[in-house]
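Novice: Sending over a structure as structure tokens; questions will come in a sec.
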Amino acid sequence: MKYILSLLLSSTLSFASFDELHSFDADFTQSVTDDKNKSLVYSGHISASKPQNALWSYFKPVNKNVYINKFNVVIVEPEIEQVIIKKIDSNFDFFNMLQNTKKIQKNLYETNYKESKFIITTKNDLIESISYIDEFENSVKIVFKNQKQNKEIDLELFNPKYPVEFDIIRD
């Protein structure tokens, strides 16, 4: 759960003018490296919109959609025909947390959330990468491409979609 929240936080830290950010849309590659230097690489697409909506669509190595809103995280895993629904803190606001982001040097920012420190690299006012250590002590780096900020995103996108025959697990 914390991993998913960290991912959403990471996705919303996408631009140097953080207080003006209302939406974010990009392709991403995410590398997770463990303490034995073994890496797993994911790729997909992220869409996020204020106040607290996000959709992480993973394409590789597995197909998965992670829907996040103010109250729930819904993980849809088509390959195993399963949906996991988890409640999250209702007062958790990802976009407001961006106000605590500090510029370290040109094109380099940092912010802290719970026990994690996020390092954000930008280029031309767009995010280039985000790095952090997750709750399992893995090194995570997310690289964004084809970023778009403050574009209109249909809120219907953030409503979870899955076949009724999928198994539903409520956490």
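Novice: Between Tyr113 and residues 5 or more places away or on another chain, which pairs have amide H atoms under 5 Å apart, with H built 1.01 Å from N, and which residues are they?
Specialist: Phe118
Novice: Taking amide hydrogens as modeled 1.01 Å from N in the peptide plane, which residues meet the under 5 Å criterion relative to Asn72, leaving out close sequence neighbours?
Specialist: Ile88
Novice: Which pairs, out of Lys123/Lys161; Lys86/Lys106; Lys36/Lys123; Lys60/Lys148; Lys36/Lys102; Lys50/Lys87, put more than 27 Å between their alpha-carbon atoms?
Specialist: Result: Lys123/Lys161; Lys86/Lys106; Lys36/Lys123; Lys36/Lys102 exceed 27 Å.
Novice: Continuing with the same structure: What residues qualify as long-range amide H neighbours of Asn150, i.e. H under 5 Å apart, gap of 5 or more or another chain, H built at 1.01 Å from N?
Specialist: His22, Ser23, Phe24
Read the figures in this text as sums done on the coordinates, not as results from a lab. Source: prediction; values computed, not measured.
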